[in-house]
Protein chains: 2
Amino acid sequence: MREDTRSRIQEVALRLFTEQGYEATSLREIAEELGVTKAALYYHFKTKDDIVASLVDSRLAELDELLEWFKGREKTTETRRELVERYADLLRGTRHIEVARFLERNQTAMRDHPTLIKIRDRMMDLAAEMSGPGATPVERISRSLAMFAVHAGKWLLKEGELSEDEVHKAALEVARRLLEI
Amino acid sequence: MREDTRSRIQEVALRLFTEQGYEATSLREIAEELGVTKAALYYHFKTKDDIVASLVDSRLAELDELLEWFKGREKTTETRRELVERYADLLRGTRHIEVARFLERNQTAMRDHPTLIKIRDRMMDLAAEMSGPGATPVERISRSLAMFAVHAGKWLLKEGELSEDEVHKAALEVARRLLEI
DNA sequence: GTCTATACGACGATAGAC
DNA sequence: GTCTATCGTCGTATAGAC
């Protein structure tokens with residue numbers, strides 16, 4: 001019994017960090033919800049940041065994989081579109097949508113977190129890789145914005161206005177057009 | 001002498017909040033840089049949040065004005081473009097660029113701040129006002145993204161790659177094309 | 001190996017003296 | 001208008017019970 005305390009901490013922490021923000025969520029809050037003390041958390045994780053690290057590591061691995069795949073391909077409108085579609089699929093993966101949402105909402109609080117910095121670097125690398133050295137500023141911004149459109153759909157529109165599937169399809173369509181500029 | 005302590009607090013606080021983040025900046029840090037104690041800050045401002053409120057109030061007023069102007073106009077590609085251009089000009093205003101940058105970087109920390117909530121509402125209202133009830137999801141997302149493109153240029157591109165003016169012009173061009181979808 | 005009890009310095013905030 | 005002193009809570013750390 002209670003051998004899965006570690007994963008229960010991850011689950012509760014991710015939910016509270018996303019709902020209330022990382023800094024606004026205290027370890028006491030997490031511990032109380034689980035019926036243990038703060039100190040128990042420190043047995044399973046070195047620091048508060050370490051709980052985050054355990055959550056975001058898999059997302060970094062996926063981005064590494066995506067970047068590696070794209071580097072080996074020709075850069076055409078077609079492959080750029082495929083990249084954005086793969087990225088969108090990644091965001092819709094079973095567990096990682098919650099992690100992505102947490103990262104979106106806690107960029108500032110996490111700005112010195114090593115894994116977060118790496119994730120941000122991979123995103124920049126992907127954007128840079130889409131445009132060679134000869135690309136115009138308009139092309140660079142359009143292509144970067146195309147990747148971003150997949151994220152943006154979620155919080156640019158009022159809630160309940162459209163279904164999640166409608167937003168997803170429409171955001172991909174906007175991204176596709178941005179890549180054709 | 002030192003009758004302008006209030007504005008000096010605002011100046012130092014805005015800089016540190018933007019550079020290090022709101023929660024990562026302590027009142028002790030601000031006070032020490034000014035050569036006073038924490039308690040002195042509490043004479044000029046009720047709370048830490050109150051320092052922020054004094055900074056962002058003028059930006060809310062400008063957004064209110066912009067929304068009011070747009071409401072009274074016909075909704076065409078031409079007026080939507082003019083809206084985005086006015087918004088971009090607003091961002092380039094002498095003092096408000098620093099405040100806009102602070103707000104960009106501290107969304108999560110400020111999520112319960114009354115003025116911040118109002119600013120976010122005005123942005124949503126502007127996005128909604130650009131598309132009537134008959135607009136398609138693709139049109140809605142494109143137009144929202146057009147406003148966002150003006151912000152995005154700054155942190156989508158690697159630093160030093162392009163001048164601030166080049167980024168500004170290219171972002172506006174991308175926005176213009178998004179409005180023509 | 002899993003957790004509790006207890007304590008540390010720094011934080012935002014307040015009360016009251018000068 | 002600015003100070004000292006103090007409050008409760010925070011993240012963090014360790015000693016030791018089971």
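The values are calculated or read from the model by the stated rules, or taken from the named source; none is laboratory data. Remember, predicted model here, so these are calculated numbers, not experimental data. We place every Cβ from the backbone using ideal geometry, glycine too, and count neighbours over all the protein chains shown. For the accessible areas, the whole protein counts, side chains as well, though only heavy atoms, and no ligand, DNA or RNA atoms are used. Shrake-Rupley method; radii C 1.70, N 1.55, O 1.52, S 1.80 Å.
Per the conditions (1) touching a Lys or Arg at 6+ places or on another chain (Cβ under 7 Å); (2) of a type in the set (Lys, Arg); (3) open to solvent by 60 Å² or more (accessible area, probe 1.4 Å), the sole criterion not satisfied by residue A:95 is (1). Listed by first and then second residue, the pairs linking a residue in segment B:114-133 that is within 21 Å of residue B:72 (Cβ to Cβ) and free of Cβ contacts under 8 Å to residues at least 60 places away in the same chain to a residue that is surrounded by 15 or more Cβ atoms within 10 Å (Cβ to Cβ) and polar (S, T, N, Q), with Cβ atoms under 7 Å apart and 6 or more places separating them unless they lie on different chains, are B:127/B:144. Please go through segment A:109-136 and pick out each residue that is within 7 Å of chain B (Cβ to nearest Cβ) and open to solvent by 50 Å² or more (accessible area, probe 1.4 Å). Answer for segment A:109-136, where residues must be within 7 Å of chain B (Cβ to nearest Cβ) and open to solvent by 50 Å² or more (accessible area, probe 1.4 Å): just A:111. Of all the numbered requirements in (1) touching a Ser or Thr at 6+ places or on another chain (Cβ under 8 Å); (2) open to solvent by 20 Å² or more (accessible area, probe 1.4 Å); (3) not in a loop (DSSP other than H, G, I, E, B), residue B:73 misses one, and that requirement is (3). Which numbered condition in (1) in contact (Cβ under 8 Å) with a residue 12 or more places away in the chain; (2) open to solvent by less than 20 Å² (accessible area, probe 1.4 Å); (3) out of contact with any Phe, Trp or Tyr (no Cβ under 8 Å at 6 or more places or on another chain); (4) over 26 Å from residue B:178 (Cβ atoms) is the only one that residue B:106 fails? (3) is the only condition that residue B:106 fails.
When the residues of segment A:1-33 are filtered to those that are in a loop (DSSP other than H, G, I, E, B) and of a type in the set (S, T, N, Q), which remaining residue is most open to solvent (accessible area, probe 1.4 Å)?
Our first condition is that a residue be in a loop (DSSP other than H, G, I, E, B); within segment A:1-33, this holds for A:1-4, A:21-26.
Pick out the ones that are also of a type in the set (S, T, N, Q) and you get A:25-26.
Values: A:25: 0, A:26: 41 Å².
Looking at the filtered set, the residue picked out is A:26.
Out of all the residues in segment A:47-63, is one or more under 30 Å from residue A:20 (Cα atoms), out of contact with any Pro (no Cβ under 8 Å at 6 or more places or on another chain) and not in a helix (DSSP H, G or I)?
Yes, that holds for at least one residue.
Within segment B:142-158, restricting attention to residues that are open to solvent by 70 Å² or more (accessible area, probe 1.4 Å) and within 10 Å of another protein chain (Cβ to nearest Cβ), the residue that is modelled with the lowest pLDDT is B:158. Given the options B:165, B:89, name the one that is within 14 Å of chain A (Cβ to nearest Cβ) and surrounded by fewer than 19 Cβ atoms within 10 Å (Cβ to Cβ). Every option except B:165 fails the conditions.
Of the numbered criteria (1) open to solvent by 40 Å² or more (accessible area, probe 1.4 Å); (2) within 11 Å of chain B (Cβ to nearest Cβ); (3) closer than 23 Å to residue A:56 by Cβ, the one residue A:139 fails is (3).
State all residues of segment B:34-53 that are open to solvent by less than 40 Å² (accessible area, probe 1.4 Å) and either more than 10 Å from DNA strand C (Cβ to nearest atom) or within 14 Å of chain A (Cβ to nearest Cβ) (or both); if no residue qualifies, say none. Of everything in segment B:34-53, those that are open to solvent by less than 40 Å² (accessible area, probe 1.4 Å) and either more than 10 Å from DNA strand C (Cβ to nearest atom) or within 14 Å of chain A (Cβ to nearest Cβ) (or both) turn out to be B:34, B:52, B:53.
Out of the residues in segment A:168-181 that are at the interface with chain B (Cβ under 9 Å from one of its Cβ atoms) and open to solvent by less than 20 Å² (accessible area, probe 1.4 Å), state the one that is nearest to the chain's Cα centre (by Cα). Steps first, please.
Step one: of segment A:168-181, the residues at the interface with chain B (Cβ under 9 Å from one of its Cβ atoms) are A:169-171, A:173-174, A:177-178, A:181.
With the extra rule that they be open to solvent by less than 20 Å² (accessible area, probe 1.4 Å), the set shrinks to A:170-171, A:174, A:178.
On the way: A:170: 20, A:171: 16, A:174: 20, A:178: 21 Å.
That would be A:171.
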